[in-house]
Amino acid sequence: MSLVVLLYLFASVCFIQALKGLSHPTSSRRGNLFGMVGMAIAVVTTIGLIFMLRPDGAATGMLWVIGGVAVGGTLGAVMANRVEMTKMPELVAFMHSMIGLAAVFIAIATVAEPWAFGLVARDQPIPIGNRVELFIGAFVGAITFSGSVIAFGKLAGKYKFRLFQGAPFLFKGQHLLNLVLGIAMLGFGVAFIVTQDWMPFWAMLALAFVLGVLIIIPIGGADMPVVVSMLNSYSGWAAAGIGFSLYNSMLIIAGSLVGSSGAILSYIMCRAMNRSFFNVILGGFGQDGGTAVASTEQRAVKSGSADDVAFMLSNADSVIIVPGYGLAVARAQHAVKEMAHKLQAKGISVRYAIHPVAGRMPGHMNVLLAEAEVPYDQVAEMEDINSDFGQTDVVMVLGANDVVNPAALVKGTAIYGMPILDAYKARTVIVNKRSMAAGYAGLDNELFYMDKTMMVFGDAKKVVEDIVKAIE
């Protein structure tokens, strides 16, 4: 057993190094490598532990383990290989749902046959402390699963089912219903802890699955980056709760690392949007900050062509590119990299400004630019580059909306108080969008109507490719 503890400790150190490496794009590959090594050690050690604890049934049990690893590993490899970078947020939400569901299944199996996990002797009741841990792991896992399913649908944006659409789903008495269901779930959980009966356990799980849906449906598509990191945190705590039940130090450590890092990231994302972290947890995040109403008034904008943009960029001394989800949908990152390269060859300074919540998950724009091999020293976070917009000749906004909307400075708007990229301060602003449709917040963007702004309509990839051709 000492060897098992040592190997689990080594795997935990690998996970810590993985988180450290993933904190910056330059070290992300090393972080992923540490994570893979740590998980491989944890899996092999767990398989060895099965032989140690149950040598009589190890052969039969091993077939199930190997089968599960083979099926799960194959599906994971195929999905990761096929997924496009623009679909990465949906994949992350799907993975969170699977972690939550796994925690639920482990809790059910433990309640059904606790002796198989070494908790008690056959036909003996589960200790009270373990019942509490199973209750916590099971309900958090259930909420994570159903909530992640809803997040997956909202992120995909291609399903007609109302709950999967990006707009918040609100109804009267929503918070009161959540409160009643939450109290009922806790009541059934206490009943299970006291009696160890199946009926309150199943009732608690059913309410947890419903709560997972109700917590996420009032959250709009614009807030999905915070939801993704929040569900990541939930999945970690679910794993940690089950780890305590099974006396598995590996699950406890790994789950705690994921849970705490996800919670910290959620807090950072909330600060970036000037939102309340507690409202995220309570499922009211999508309703903060006022009413989002898009103007139906037809207003004139100044529009131009790719040739016009090429002329402006070629005659600038400094350019800042602001990537958004529209760039991701069009998969224009490689074309943007080529455009920047041609401008830099002319001696023009080109940098990229990244808003913390641009895209559909934390770091979405960073991932896309990294895929196009944009040098990391050209990519700047909002707090590092905002002061430079006022001295910049041209800002080019590609598919971003709310994160550059000056409405965040107007009290009473849906995004009031949200820190934005100060693109409106630049001498000239170029905005590429498919249409004048409002962003996720449903607000007109005053940036589009400024005298200094020129709109260029069309698919981001095609527009940028035309600009590249027009640059001499």
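A single entry from Gly76, Gly166 fulfils the requirement of being of a type outside the set (A, V, I, L, M), in a helix (DSSP H, G or I) and either out of contact with any Leu (no Cβ under 6 Å at 6 or more places or on another chain) or at pLDDT 90 or above (or both): Gly76. With respect to being touching a residue at least 60 places away in the same chain (Cβ under 8 Å), open to solvent by 50 Å² or more (accessible area, probe 1.4 Å), closer than 30 Å to Leu186 by Cα and not aromatic (Phe, Trp, Tyr), Ile99 fits the description.
Residues of the range 385-395 that are open to solvent by 50 Å² or more (accessible area, probe 1.4 Å) and either among the small types (Gly, Ala, Ser) or more than 16 Å from Ala426 (Cα to Cα) (or both): Ser387 alone.
For the range 364-380, a residue qualifies if it is small (Gly, Ala, Ser) and either under 12 Å from Gln333 (Cβ atoms) or open to solvent by 30 Å² or more (accessible area, probe 1.4 Å) (or both), and the qualifying residues are Ala370, Ala372. Within the range 112-136, restricting attention to residues that are part of a helix (DSSP H, G or I) and open to solvent by less than 10 Å² (accessible area, probe 1.4 Å), the residue that is farthest from Ser146 (Cα to Cα) is Pro114. Only one of the numbered conditions (1) more than 23 Å from the chain's Cα centre (by Cα); (2) open to solvent by less than 70 Å² (accessible area, probe 1.4 Å); (3) of a type in the set (Phe, Trp, Tyr) is not met by Phe105, and that is (2).
Table: residues versus (1) open to solvent by less than 30 Å² (accessible area, probe 1.4 Å); (2) hydrophobic (A, V, I, L, M, F, W, C); (3) in contact (Cβ under 8 Å) with a residue 40 or more places away in the chain; (4) assigned to a strand (DSSP E or B).
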| site | (1), (2), (3), (4) |
| --- | --- |
| Gly326 | yes, no, yes, no |
| Ala335 | yes, yes, yes, no |
| Gln344 | no, no, no, no |
| Glu383 | no, no, no, no |
| Val397 | yes, yes, yes, yes |
| Tyr416 | no, no, yes, no |
| Val429 | yes, yes, no, yes |
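With Ala263, Ala254, Ala240 as the choices, which residue is open to solvent by less than 40 Å² (accessible area, probe 1.4 Å) and in contact with a Leu (Cβ under 9 Å, 6 or more places away or on another chain)? Every option except Ala240 fails the conditions.
Consider the range 75-96 and keep the residues that are open to solvent by less than 50 Å² (accessible area, probe 1.4 Å) and in contact (Cβ under 8 Å) with a residue 60 or more places away in the chain. The one that is nearest to Phe244 (Cα to Cα) is His96.
Just to verify a result, which residue in the range 300-315, among those that are open to solvent by 10 Å² or more (accessible area, probe 1.4 Å) and either part of a helix (DSSP H, G or I) or over 18 Å from Arg434 (Cβ atoms) (or both), is modelled with the lowest pLDDT? Only one residue fits best here, namely Ala300. Mind checking whether some residue in the range 19-35 is at pLDDT 80 or above and either touching a strand residue (DSSP E or B) at 6+ places or on another chain (Cβ under 6 Å) or closer than 14 Å to Met250 by Cβ (or both)? The answer is yes; a qualifying residue exists.
The values are calculated or read from the model by the stated rules, or taken from the named source; none is laboratory data. Quick caveat: nothing in here was measured; it's all calculated off a predicted structure. Every residue, glycine as well, gets a Cβ built from its backbone with ideal geometry; the counts of neighbours run over all protein chains shown. What goes into the accessible areas is simple: the full protein's heavy atoms, side chains included, and nothing from ligands, DNA or RNA. Shrake-Rupley method; radii C 1.70, N 1.55, O 1.52, S 1.80 Å.
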